[in-house]
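Please treat every number below as a calculation from the coordinates, not as lab data. Predicted model, so just to flag it, every value in this text is computed and none were measured. Here the Cβ is made from the backbone with ideal geometry for all residues, glycine too, and neighbour counts use every protein chain on show.
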Amino acid sequence: MNKPDTPARKAKQRMYQATYRARNLSKVRAAARVSNAKNAYRVAKSKLAEYGLTIDEFAAMVVAQEGKCAICSTTPKRLRVDHHHASGQVRNLLCHGCNAGLGAFKESPEALELAAAYLRRWGSDGTNYNPDQAYKKRTGRHGRKQIEFEFD
């Protein structure tokens, strides 16, 4: 007969599991690696199904893009499926950085163009910024750098 799941029993179980894990960390990690390897195909298949792709279609996309990110052309270990969030339309495969960047700008071309213009104002090395555009740097009376903001 099973014992009822009381809060005290659950707490005791969690404590036992934490202690076991701490004492047998290498064994627990090895078991997780085996489990992950067994489930990798199933997990990949189910993730791709979220985008309406099969594993063969994904593989064809990787080959078509030569294993490279569609934006920055790097060859990452793992490519992500880029899709339009409103329509679900699959676009291309991207590296993590480019995919996260598009998400951070909420897939807005206008926001990305503003960000690009901002970076161009600073120049490629970050030192060519025109101080007349935003603020002036000056040294205060104690030798500390101070910033004066200008508002139009």
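Would you please put 88-99, 21-32, 42-53 in order of how densely packed they are, using the mean number of other Cβ atoms within 10 angstrom per residue and starting with the highest? All intermediate terms of the calculation are to be shown ahead of the outcome.
Numbers: 88-99: 16.8, 21-32: 10.6, 42-53: 12.5.
Final packing ranking: 88-99, 42-53, 21-32.
Based on alpha-carbon atoms only, what is the radius of gyration of the range 51-107 relative to the globular estimate 2.2 N^0.38 Å? Write out the running numbers ahead of the final one.
On the way: Rg = 11.0 Å, N = 57, 2.2 N^0.38 = 10.2 Å.
This ratio for the range 51-107 stands at 1.07.
Multiplying the residue separation of ALA18 and LYS68 by 0.36 nm and removing their Cα-Cα distance gives an extension gain of 13.9 nm. If you wrap the range 1-49 in the convex hull of its Cα atoms and look at it from every side, the mean projected area works out to 5.7 nm².
Could you work out the local net charge near CYS98, counting Lys and Arg as +1, Asp and Glu as -1, over the other residues with Cβ closer than 13 Å to its Cβ?
On the way: positive: LYS68, ARG78, ARG80, ARG91; negative: ASP82, GLU107.
Within the 13 Å Cβ shell, the charges total +2.
If you add up the charges near THR6, with Lys and Arg at +1 and Asp and Glu at -1, over every other residue whose beta carbon is less than 15 angstrom from its beta carbon, what do you get? Mind dumping the intermediate values first?
Numbers: positive: LYS3, ARG9, LYS10, LYS12, ARG14; negative: ASP5.
Summing Lys/Arg as +1 and Asp/Glu as -1 gives +4.
With the cut-off at 31 Å, tell me which of the pairs LYS47/LYS68; LYS47/LYS106; LYS27/LYS68; LYS27/LYS77; LYS27/LYS47 have Cα atoms farther apart than that. Before the final figure, lay out each step's value.
Values: LYS47/LYS68 20 Å; LYS47/LYS106 22 Å; LYS27/LYS68 36 Å; LYS27/LYS77 27 Å; LYS27/LYS47 28 Å.
LYS27/LYS68, as the Cα separations exceed 31 Å there.
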